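*Asks:* Below: one structure in structure tokens.
The values are calculated or read from the model by the stated rules, or taken from the named source; none is laboratory data. Quick caveat, the model's predicted, so the values are computed rather than measured. We place every Cβ from the backbone using ideal geometry, glycine too, and count neighbours over all the protein chains shown.
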Amino acid sequence: MWHFTPPAPRRTSIADLPAEILTKILDTLLTSISLRPADPRRLADLCGPAPLSPGQDYARTLLNAAHVCAYWRAVACGAQQLWARLWPCEQDETYLEHAFARAGAAPLELRASGRWPDVDADALRRGAALVAELLARELHRVRVLDVDCSVENLLHEQQFAWPAAVEAPEMRELRVHGPLAVERVLWRGLRCPRLESLEVAHAADPAAWAAVERDLCPPTLRRLVVCKEEHRVSWGPQVVEPMFPLPEDLLALLRRLPNLESLAVNLPESRWNSYEQVVLPKLRDIHVIEGNANHEAFLHRLIVPSNTRLNVGERVFEVQPQHLKQAPPTLNVADFLGWSSVPPALQSLTLTFHGMGRTSLTGNIPGGEGVNVIQGAWPPELRAFAERCPAEGVRGLRLIDVRAYEDGYDDGRTLEAVYDLYKRLGDVEELVFGGKFASGDVERFIGKLADDAAMLPKLQTVRFDASFCLYSSAKPAMSRDDKCLLLFRDSVLSFREQRGSLRGVPVPALVFEPELK
């Protein structure tokens, strides 16, 4: 019988790879090096106690690849864009000369940083001088410019400045870490008509920010980062906190950026003078660095696509895939937060008050697994969640530290948002109070149940767990009187006798776990 014998697998060598594939492999590898964490302390955790800086590692990897074999050398040396990525403060001068010659006419990528431990003062000064030389001579072909505070300070000391108006036609990415203060004329007059990515710090005067809006924010911009530097700006006889852009300035700018896909912002403290909403039709990613109440107001003035990813501090919001079909194509951020925080099903909910108007929701899904539903939510987020909460099946509701605060944030908006959530939870059988309650606030909560007969119609048990503590501003106390009663209009709860009624209807089970004195 004839048997088919498969041919032996053909052995391939690295020389058999097409030049296009090999170039792509090298480009991917080297790009990952250049985009790794910029903080040397974070990188040390990954690479050991003394990692190479990105510039040094990039140069070493590229030179090693060029020495693998004659074929790799020919491919690597012919890929001009690989040699056009320069770190003037970190790379050896001999390598820089070699790389610049190999780059030919390719667009340049300049990254100048003095944050690495092995970048000494002399190397930093030489790097800044080289950056100034390249910018003066080769600005027309610079594609990426990333300059940190230390290098910018040296450029400022060297009195480097552009002509009155100069264009960078190839510039696609600009990152300026230092303050755009009035004495920083370095970036005045630079115009980037095709810029796609911009990172800047807050400015200390309106003229500096106006220059950013005019010259560095064309309609082609796809990524914008506006952050607050951790230092103050010297301006005249006094020290001035960076405070620009104002919130309305930022909203006005966003209206002129129809192609924006990524936004990261840290808003300075200021008053809002604008209530108009802004539609960002192509936005895919928002990162808001929390710090003051401006961020809540800013977010709720944005209308974004439903598939946007939102980062607020350490919290991440995304509309789940199973909800995308039901969600509208674009959403106000308040509605977006509601859609993104909805789990498919819940068995119980725990609501915790944190003060300053913030609440968190955790829960258990079928099977008993715990989930974080909302962390540190503002009242609009809680109200948006209440509108889409999977109310059917929620059997238990637990309230922790529910009390009005002296700042007034919780007394009103937050409590009303909680009541809106109550109205959705028609299947709750057990209501649990835990943590520290002001006497007036626990009365308000149960009194609300007495006012609305439709609220929690299936309630069977009211439980005060062992962590429950009742206090008043006059004197801390566990009970209201010697009979340990709480009286709420037509509702009575007796802690000592562990019985009571809500709306005149007896509570089947009243459980009070703390020890009464």
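*Asks:* Going through region 273-294 one residue at a time, which ones are of a type in the set (A, V, I, L, M, F, W, C) and either at pLDDT 85 or above or exposed (fewer than 15 other Cβ atoms within 10 Å of the Cβ) (or both)?
*Replies:* Selection gives VAL278, VAL279, LEU280, LEU283, ILE286.
*Asks:* Is there a residue being within 13 Å of PRO88 (Cα to Cα), in the same structural domain as CYS217 (by TED's automatic domain parsing) and at pLDDT below 75 anywhere in region 119-135?
*Replies:* There is at least one residue in region 119-135 that is within 13 Å of PRO88 (Cα to Cα), in the same structural domain as CYS217 (by TED's automatic domain parsing) and at pLDDT below 75.
*Asks:* If you go through region 376-400 one residue at a time, how many are surrounded by fewer than 19 Cβ atoms within 10 Å (Cβ to Cβ) and not in a loop (DSSP other than H, G, I, E, B)? Don't jump to the end; show me each part of the working.
*Replies:* Going through region 376-400, the residues surrounded by fewer than 19 Cβ atoms within 10 Å (Cβ to Cβ) turn out to be 376, 387-388, 390-393, 395.
The next check asks that each one be not in a loop (DSSP other than H, G, I, E, B); those that pass are 376, 387-388.
Result for region 376-400: 3.
*Asks:* Further question: Being of a type in the set (A, V, I, L, M, F, W, C) and over 38 Å from the mean Cα position of the chain (by Cα) is the filter here; which residues of region 77-104 pass it?
*Replies:* Selection gives CYS77, ALA101.
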